[in-house]
Amino acid sequence: MGRDARMDALNTRHTELEARLDSESSRPQPDTSLIATLKRQKLAIKDEMARMAHPS
């Protein structure tokens, strides 16, 4: 998978996680452990995207 394709896949996954997070957060009784997991996944993706944008 090329760099651009990987970045596109990460962006897509990040957007999907954001939608799931919004959906779960708007429930009357949101699952706080699921929310925490989704936030960690989003952060990991954001970190990977930042590393790809600024390789050392």
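The values are calculated or read from the model by the stated rules, or taken from the named source; none is laboratory data. Treat the numbers as computed from the prediction; the structure is a model and nothing was measured. Here Cβ is always computed from backbone atoms with ideal geometry, including for glycine, and neighbour counts include all displayed protein chains.
Within the stretch 1-35, the set of residues being of a type in the set (S, T, N, Q) and under 19 Å from residue 48 (Cβ atoms) comprises 11, 12, 15.
For the stretch 23-37, give me each residue that is part of a helix (DSSP H, G or I) and surrounded by 11 or more Cβ atoms within 10 Å (Cβ to Cβ). Correct list: 23, 24, 25, 34, 35, 37.
Close Cβ contacts (under 7 Å, 6 or more residues apart or on different chains) running from residues in the stretch 5-32 that are more than 14 Å from residue 46 (Cβ to Cβ) to residues that are surrounded by fewer than 12 Cβ atoms within 10 Å (Cβ to Cβ) and at pLDDT 95 or above are absent.
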